[in-house]
Amino acid sequence: MSESKLGDQFTFPGTSMTVQRIGYGAMQLAGPGVWGPPKDPDGAVAVLREAVAAGVNHIDTSDFYGPHVTNQIIRQALHPYPAGLVIVTKLGARRPPDKSWQLAISREDLIAGVHDNLRNLGLDALDIVNYRVMGSGHGLEEGSIAEQVTVLADLRRKGLIRQIGLSNVTAAQVAEAQAITDIVCVQNNYNVVYRQDDALIDDLARQGIAYVPFFPLGGFTPLQSSTLSEAAGRLGATPMQVALAWLLHRSPNILLIPGTSSVAHLRENLAAGQLILSPQSLAEWTGSPPCRWG
């Protein structure tokens, strides 16, 4: 697949890191519940190698996936890493033996998390580290993140982190972090039906900052829509390809990281970059979400 078909390119602000707008999210490479090794380790390696061979140069991961599993698979599959590959990881959680998701937000936790990522990825410095605000409910958690961002800024000055991003944050938290250090990306829940971040996306676009939707296809509850299905039928595509294509059309600062453990599904996701949506569809969907949760 031509790299120009992966949604064109985006350069993270203030950096020389340029990525294709369709990347890959590694969470599904771990076992069920994002815990332990995958059922098919060779298949996981094959997915990563296929992605890079297709032109993907933006991989999203975290050392608390598994834990450690996805980073170790990435290293096995791709190290030594090809020139231009950008690996984005995140901090803010840990996975104890009971398989729960626990906060890891103290200075000591964050420093240890950076070193875990470095070790398991086989790197001397991390390209981008997102501070992930772990919420207890379905909504975003309010409150200051200054302490955690300050720790990451210090690690950046020490050369262990090249750039800093945020995940699962409010607009107020983005502004608070920007008063401390440069922010190159924001990773929040957003898709064709879940639109709470419309204003934030537009504000980040004006600043040239990347917006990276997680759950671009609905996550654990996939999107369902007769409108998507009808559009897919007209385009000879799948509804999920149309949902990804809509995100690419939504704003030029949106980067996609759909995840999968299947080579066939990976190819389907990447092909979404070749879809052209009509101005009429874009105008209709921008004004009113075309689908519901399944």
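The values are calculated or read from the model by the stated rules, or taken from the named source; none is laboratory data. Just so you know, these numbers come straight off a predicted model, no measurement behind them. Here Cβ is always computed from backbone atoms with ideal geometry, including for glycine, and neighbour counts include all displayed protein chains.
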Subject >> Test result for Thr70, under 21 Å from Gln163 (Cβ atoms), in a helix (DSSP H, G or I) and modelled with pLDDT of 95 or more >> reply: yes
Subject >> Selection status of Lys39, touching a residue at least 60 places away in the same chain (Cβ under 8 Å), surrounded by fewer than 20 Cβ atoms within 10 Å (Cβ to Cβ), assigned to a loop (DSSP other than H, G, I, E, B) and of a type outside the set (Asp, Glu) >> reply: no
**OP:** Could you look through the range 103-142, keep only residues that are farther than 17 Å from Ile183 by Cβ and at pLDDT below 95, and pick out the one that is nearest to the chain's Cα centre (by Cα)?
**Re:** Met134
**OP:** Kindly indicate whether Asn253 is within 29 Å of Thr170 (Cα to Cα), of a type in the set (S, T, N, Q), under 19 Å from the mean Cα position of the chain (by Cα) and at pLDDT below 95.
**Re:** no
Original post:
If you check Leu123 against the conditions, is it assigned to a loop (DSSP other than H, G, I, E, B), in contact with a strand residue (DSSP E or B) (Cβ under 8 Å, 6 or more places away or on another chain) and in contact (Cβ under 8 Å) with a residue 24 or more places away in the chain?
Top reply: yes
Subject >> Pair list, Cβ under 7 Å, 6 or more apart: the range 266-293 residue more than 14 Å from Ala245 (Cα to Cα), other residue surrounded by fewer than 16 Cβ atoms within 10 Å (Cβ to Cβ) and modelled with pLDDT of 80 or more >> reply: Pro289/Arg195
**OP:** Would you check which residues across the range 80-120 are in contact (Cβ under 8 Å) with a residue 60 or more places away in the chain and either assigned to a loop (DSSP other than H, G, I, E, B) or under 23 Å from Thr18 (Cβ atoms) (or both) and list them?
**Re:** Gly84, Val86, Val88, Lys90, Gly92, Arg95, Lys99
Original post:
For residues in the range 72-115 being touching a Pro at 6+ places or on another chain (Cβ under 8 Å) and closer than 27 Å to Val149 by Cβ, which is surrounded by the most Cβ atoms within 10 Å (Cβ to Cβ)?
Top reply: Arg95
Original post:
With respect to Thr221, is the statement that it is modelled with pLDDT of 95 or more, not aromatic (Phe, Trp, Tyr) and not in a helix (DSSP H, G or I) true?
Top reply: no
Subject >> Failed item, numbered, when Ile145 is tested on (1) without any contact (Cβ under 8 Å) to a residue 12 or more places away in the chain; (2) aliphatic (A, V, I, L, M); (3) surrounded by 14 or more Cβ atoms within 10 Å (Cβ to Cβ) >> reply: (1)
Original post:
Has the range 4-12 got any residue that is loosely packed, with under 14 Cβ neighbours inside 10 Å, among the β-branched types (Val, Ile, Thr) and free of Cβ contacts under 8 Å to residues at least 40 places away in the same chain?
Top reply: yes
Subject >> Residue count, the range 31-59 (criterion: closer than 22 Å to Pro96 by Cα, among the charged types (D, E, K, R) and under 19 Å from the mean Cα position of the chain (by Cα)) >> reply: 0
**OP:** Would you be able to say whether some residue in the range 238-245 is at pLDDT below 85, crowded, with 21+ Cβ neighbours inside 10 Å and small (Gly, Ala, Ser)?
**Re:** no
Original post:
Gly33 is checked against (1) touching a Lys or Arg at 6+ places or on another chain (Cβ under 9 Å); (2) in a strand (DSSP E or B); (3) under 18 Å from Ser261 (Cβ atoms) and fails just one. What number does that condition carry?
Top reply: (2)
**OP:** Kindly check whether there is at least one residue in the range 174-184 that is part of a loop (DSSP other than H, G, I, E, B), of a type outside the set (S, T, N, Q) and touching a Ser or Thr at 6+ places or on another chain (Cβ under 7 Å).
**Re:** yes
**OP:** Could you figure out which of (1) among the aromatic types (Phe, Trp, Tyr); (2) surrounded by fewer than 16 Cβ atoms within 10 Å (Cβ to Cβ); (3) under 28 Å from Pro13 (Cα atoms) isn't true of Phe64?
**Re:** (2)
